[in-house]
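Presented below is the structure to which this report refers.
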Amino acid sequence: MKPVSLGPPYRRDALRRLAGTEFDVLVVGGGIVGAGAALDATSRGLSVALVEARDWASGTSSRSSKLVHGGLRYLEQRDFGLVREALRERALLLTRLAPHLVRPVPFLYPLRHRLWERCYVGAGVTLYDTMGGSRVMPRHRQLSRGAALREAPALRRDALVGAVQYYDAQVDDARYTMMVARTAAHYGACVATRTEVTGFLREGERVTGAAVLDTETGVEIPVRARRVVNATGVWTDGAGRMAQTRTPFSVRASKGVHLLVRRDRIPLNTGLICRTGKSVLFVIPWGRHWIIGTTDTPWEDGPDGPVAAPGDVGYLLDEVNALLRTPLTLDDVEGVYAGLRPLLSGETDDTTRLSREHTVAEPVPGLVVVTGGKFTTYRVMAQDAVDAAAGGLEEAVPPSATARLPILGAVGFEVLWNERRHLAEGSGLHVARVEHLLKRYGSCIPELLALIAQDPSLGEPLPGAPDYLCAEAVYAATHEGALTLEDVLARRLRVSMEERDGGLAAARHVAGLIGPVLGWDAADRTAELDRYVRYVQAERGEDAPAAGDPAALATPA
């Protein structure tokens with residue numbers, strides 16, 4: 001069966017299905033948990049709709065630390081069950097579900113005390129290996145100071161007496177979320193972005209669906225469903241108010257800020273992790289950059305548009321500079337992003353513990369709410385939510401199948417990876433470009449190469465964002481459901497956070513590439529460019545220029 005394309009014809013059909021079908025399950029929220037719930041439900045044979053007010057992963061699920069990990073620090077809290085569960089999920093993602101999107105990364109944990117800390121950390125990492133890491137990852141190793149500095153020459157000699165090196169895994173969070181949603185559509189789910197829930201439909205006390213606004217056209221659609229799953233993360237409390245109900249928990253947002261700096265500014269052969277007074281500091285490889293994070297501070301200003309304050313940036317620079325021989329400055333920071341974690345805040349429960357776990361509740365008949373948790377354990381969260389929803393259906397529903405269900409692009413990935421040199425010869429691309437595409441699209445790569453075969457100019461690097469090919473921008477619109485410049489440059493490609501200008505230099509060219517696919521005229525294109533300028537300015541906490549200001553874009557018309 002050919003993978004489903006989420007391009008414009010699919011969206012038109014999806015909107016008609018939303019209006020004309022009563023679904024078994026309607027999932028609200030297109031983050032990783034909502035996408036996972038849609039896939040879980042449809043793989044059990046249920047009819048499923050998934051609606052998202054903005055874009056796949058446009059909230060928390062595109063702004064994480066990009067890690068798939070067990071949570072080494074949770075061992076210190078003796079939360080062994082959570083760590084074991086996360087390590088099991090990490091192994092599934094690496095070996096079965098998404099080997100094209102999830103890959104191992106080594107991390108160095110600098111030690112500052114000669115004996116007790118080495119024993120303490122070593123025991124923790126040994127347990128980490130034993131609980132699941134050693135089955136799919138290399139085991140940890142103890143390093144002397146000299147060996148650690150050979151792995152991490154950027155570190156000050158007096159910043160460590162030795163180190164422990166262990167492995168975790170990494171993922172492009174936004175891309176993974178979109179691929180889960182696309183996999184759900186592949187198996188029959190009706191999925192649509194820019195579809196905002198404005199209220200819930202009810203029959204007496206029971207929730208029987210939702211009023212959904214197509215924000216592209218302004219048309220409101222009543223979507224009927226036997227069960228509704230609310231997977232809106234930091235927007236959970238707002239959705240509860242919309243349903244005129246109070247859940248047995250509330251969600252408190254915590255802001256996490258990350259910086260991007262060029263790889264050559266921090267000479268390392270490994271990622272880094274160390275504890276700080278307030279959180280955990282990561283230095284994570286990401287293409288031509290390092291991601292430095294994260295903060296963990298309360299956010300009270302509502303779930304929309306978190307931004308990094310100067311103090312957040314200064315804190316991260318201070319913490320990483322305490323380790324580095326050559327300190328970083330503000331000029332080294334090429335990108336910044338901020339996201340919100342949905343932390344559980346119960347009335348009597350220990351919120352420190354709850355914030356690392358997830359919960360599922362049914363506050364009113366017909367409405368299931370799932371929130372909390374972490375990216376790595378999204379599949380378990382989705383399974384628990386669908387289990388709860390299925391319990392309200394009259395007929396028996398099969399158990400979850402997602403532990404055995406590869407994400408789109410996984411099947412055949414290893415074969416194509418082994419054939420990457422032949423793919424390069426046949427396409428005219430450099431083998432490094434083919435490897436880049438395989439790590440992003442897996443066995444869907446023939447669709448990209450077909451676009452390039454039809455128009456060889458699409459095989460050229462994208463002006464203003466040369467890490468990506470022009471074909472990738474087009475594919476985002478034709479196959480991956482991107483409807484705006486922001487969708488393409490912020491989430492299908494990660495240009496907005498990777499380029500110092502936020503992707504402004506690439507925006508005009510991308511608009512020219514995707515405009516014909518999306519039916520834009522000259523006025524639409526100008527409006528899209530204006531909106532993207534405002535998005536970049538808002539992400540940076542800056543005032544936007546006047547509408548239509550040509551100086552806002554780095555490339556001429």
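The values are calculated or read from the model by the stated rules, or taken from the named source; none is laboratory data. Small disclaimer: the values here were computed from a predicted structure and weren't measured. Using ideal geometry, Cβ is built from the backbone for each residue, glycine included, and neighbour counts are taken over all protein chains shown.
Brief remarks follow.
- Residue identified as among the charged types (D, E, K, R), over 27 Å from Asp318 (Cα atoms) and touching a residue at least 60 places away in the same chain (Cβ under 8 Å) among Arg103, Arg156: Arg103
- Just one residue in the set Pro153, Pro138 is modelled with pLDDT of 95 or more and not assigned by TED's automatic domain parsing to the domain that holds Lys374; that residue is Pro153.
- Residue in segment 223-241 that is more than 27 Å from the chain's Cα centre (by Cα), surrounded by fewer than 24 Cβ atoms within 10 Å (Cβ to Cβ), at pLDDT below 95 and not in a strand (DSSP E or B) present: no
- Residue satisfying condition, being under 19 Å from Leu6 (Cβ atoms) and in contact with a Leu (Cβ under 7 Å, 6 or more places away or on another chain), within set Ser443, Ser427: Ser443
- Residue match in segment 106-129 (condition: without any contact (Cβ under 8 Å) to a residue 12 or more places away in the chain, closer than 13 Å to Gly70 by Cβ and within 29 Å of the chain's Cα centre (by Cα)): no
- In segment 148-201, of all residues being among the polar types (S, T, N, Q) and over 21 Å from the mean Cα position of the chain (by Cα), the one that is surrounded by the fewest Cβ atoms within 10 Å (Cβ to Cβ) corresponds to Thr198.
Residue-by-condition table, conditions (1) modelled with pLDDT of 95 or more; (2) of a type outside the set (Gly, Ala, Ser):
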{"site": "Leu75", "(1), (2)": "no, yes"}
{"site": "Arg84", "(1), (2)": "no, yes"}
{"site": "Leu111", "(1), (2)": "yes, yes"}
{"site": "Arg114", "(1), (2)": "no, yes"}
{"site": "Leu127", "(1), (2)": "no, yes"}
{"site": "Gly133", "(1), (2)": "no, no"}
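- The single condition among (1) among the polar types (S, T, N, Q); (2) touching an Asp or Glu at 6+ places or on another chain (Cβ under 6 Å); (3) in contact (Cβ under 8 Å) with a residue 40 or more places away in the chain that Thr236 does not satisfy is (2).
- The criterion of at least 1 residues that are touching a helix residue (DSSP H, G or I) at 6+ places or on another chain (Cβ under 6 Å) is met by the following strands (runs of 3 or more DSSP E) wholly inside segment 245-363: 250-262, 280-286, 289-293, 333-345.
- Residues (assigned to a loop (DSSP other than H, G, I, E, B), of a type outside the set (A, V, I, L, M, F, W, C) and farther than 28 Å from Val336 by Cα) located in segment 493-527: Gly519, Asp521
- So Asp158, is it acidic (Asp, Glu) and under 30 Å from Leu82 (Cα atoms): no
- Qualifying positions in segment 365-400 - farther than 20 Å from Val68 by Cα and either outside the structural domain of His186 (by TED's automatic domain parsing) or among the acidic types (Asp, Glu) (or both): Asp387, Glu394, Glu395
- Scanning segment 35-69 for residues that are of a type outside the set (A, V, I, L, M), closer than 22 Å to Thr402 by Cβ and touching an Asp or Glu at 6+ places or on another chain (Cβ under 7 Å) returns Ser47, Ser61, Ser62, Ser64, Lys66, His69.
- One residue stands out among those in segment 100-123 that are closer than 27 Å to Arg379 by Cβ and in contact with an Asp or Glu (Cβ under 7 Å, 6 or more places away or on another chain): the one that is surrounded by the fewest Cβ atoms within 10 Å (Cβ to Cβ), which is Val105.
- Members of segment 321-349 that are without any contact (Cβ under 8 Å) to a residue 40 or more places away in the chain and under 23 Å from Ile266 (Cβ atoms): Asn321, Pro327, Thr329, Leu330, Asp331
- When every residue of segment 51-58 is checked against the conditions, at least one turns out to be on the phi > 0 side of the Ramachandran plot and in contact (Cβ under 8 Å) with a residue 60 or more places away in the chain.
- Residue count for segment 61-88 under the criterion of being under 21 Å from Thr177 (Cβ atoms), of a type outside the set (Gly, Ala, Ser) and in contact with a strand residue (DSSP E or B) (Cβ under 8 Å, 6 or more places away or on another chain): the result is 5.
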